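**Q** I have a structure here, written as structure tokens, and I will follow up with some questions on it.
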Amino acid sequence: MIDTGFFKWVWRFNALVIAAAVTLMLCIVIWEMTSSLRRSLFQPQTTNTLIAPIIQTDQSEEDGQTDPAEVRRYFGAPLEYSAGSPYALPLRVEQEYDNRGISKSSVGNTINYRIIDTVTQTSKWLFPKGNRLILDTMPVRFFKRGQPEQNLGMILSVVESDTNGDERLSTRDKMSLYLVDTDWTEATKITEGVRSVLRIHTVSPSQIDLIFNTDDGTHAARIDAVSGLIQNEQVVNAQE
């Protein structure tokens, strides 16, 4: 006759295994569901995130949020595609701030360019002073077989305001696109409200095709390579 005590221990062992498996699965689900929150709260260093000074309120004090402390401000190396004078020196800022009791730091965010002319021994800022976050500086070049490559300038993607209300400037905010010539004379705004840039294609020395996303859909625009003005544009949606 089989001892029923043996089966009793088998059932107990199976119950423990099932309980451990269920607990493990719940931990995995909770871990995945809170990944965004954990990245926001506990990431000690952030890139492409500028904490703009905020006005203290009773609510912000209760949340443990304070104005960011600027650690240092410095110039980085000139851009690689600045062949010579004038040179574009990126102005970068490092910050430390508290977010709900967690100390964070933002490392080397570009907020402006100082244009240095070694011929005239003069310098100027590309943008007026103020809070902005320069995400990308993309060279615009034209190449035709049998001819030397032409450098036409740069297109800059810039976050100028906190569009999602999280009291910081980051890749989660909408961007403005600027056209800058090879001499870094000035930055001309092409468009704003951009979520992402999909393609920049130089059609000729005078025309550039620019494909980008906004809340309205995907834009295919042809712009003037000198003035930055949009010559024609169409918007398409995946739902159409």
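**Q** Being within 18 Å of ASN48 (Cβ to Cβ), touching a residue at least 12 places away in the same chain (Cβ under 8 Å) and either open to solvent by less than 30 Å² (accessible area, probe 1.4 Å) or touching a Phe, Trp or Tyr at 6+ places or on another chain (Cβ under 7 Å) (or both) narrows it down to one of ILE190, ILE111, so name that one.
**A** On the way: ILE190 fails: within 18 Å of ASN48 (Cβ to Cβ).
Every option except ILE111 fails the conditions.
**Q** Looking at GLU233, GLU240, GLU149, which one is closer than 27 Å to PRO78 by Cα, exposed (fewer than 15 other Cβ atoms within 10 Å of the Cβ) and without any contact (Cβ under 8 Å) to a residue 60 or more places away in the chain? Lay out the reasoning, then the answer.
**A** Details: GLU233 fails: closer than 27 Å to PRO78 by Cα; GLU240 fails: closer than 27 Å to PRO78 by Cα.
Going through GLU233, GLU240, GLU149 in turn, the sole match is GLU149.
**Q** Here are GLN234, GLN207, GLN147: which of them is more than 24 Å from LEU89 (Cβ to Cβ) and at pLDDT below 90? Spell out how you get there, then give the answer.
**A** Details: GLN234 fails: at pLDDT below 90; GLN207 fails: at pLDDT below 90.
Sole residue among the options that is more than 24 Å from LEU89 (Cβ to Cβ) and at pLDDT below 90: GLN147.
**Q** Sticking with this one: Filter the stretch 82-108 down to residues that are open to solvent by less than 50 Å² (accessible area, probe 1.4 Å) and either within 16 Å of ASP136 (Cα to Cα) or modelled with pLDDT of 80 or more (or both), then give me how many there are.
**A** 10
**Q** Would the stretch 132-141 turn up any residue that is at pLDDT below 90 and open to solvent by 60 Å² or more (accessible area, probe 1.4 Å)?
**A** We begin by selecting, within the stretch 132-141, every residue at pLDDT below 90; these are none.
No: the stretch 132-141 contains no residue that is at pLDDT below 90 and open to solvent by 60 Å² or more (accessible area, probe 1.4 Å).
**Q** What residue, among those in the stretch 174-201 that are modelled with pLDDT of 95 or more and assigned to a loop (DSSP other than H, G, I, E, B), is farthest from ASN131 (Cα to Cα)?
**A** ARG195
**Q** Okay, next question. Name the residues in the stretch 68-80 that are assigned to a loop (DSSP other than H, G, I, E, B), modelled with pLDDT under 80 and open to solvent by 50 Å² or more (accessible area, probe 1.4 Å), would you?
**A** In the first step, residues of the stretch 68-80 are kept if they are assigned to a loop (DSSP other than H, G, I, E, B); the result is 68, 76-80.
This time we only want the ones that are modelled with pLDDT under 80, so: 68, 80.
Correct list: GLU80 only.
**Q** May I ask you to say which residue of VAL197, VAL180 is open to solvent by less than 50 Å² (accessible area, probe 1.4 Å) and farther than 30 Å from THR118 by Cα? Quick ask: steps written out before the conclusion?
**A** Numbers: VAL180 fails: farther than 30 Å from THR118 by Cα.
Residue meeting the stated conditions: VAL197.
The values are calculated or read from the model by the stated rules, or taken from the named source; none is laboratory data. Owing to the predicted nature of the structure, the values given are computational and were not obtained by experimental measurement. Methodologically, a virtual Cβ is constructed for each residue, glycine included, from the backbone with ideal geometry; neighbour enumeration extends over all protein chains shown. Note: accessible area is taken over every heavy atom of the protein model, side chains too, but ligands, DNA and RNA are not part of it. Shrake-Rupley method; radii C 1.70, N 1.55, O 1.52, S 1.80 Å.
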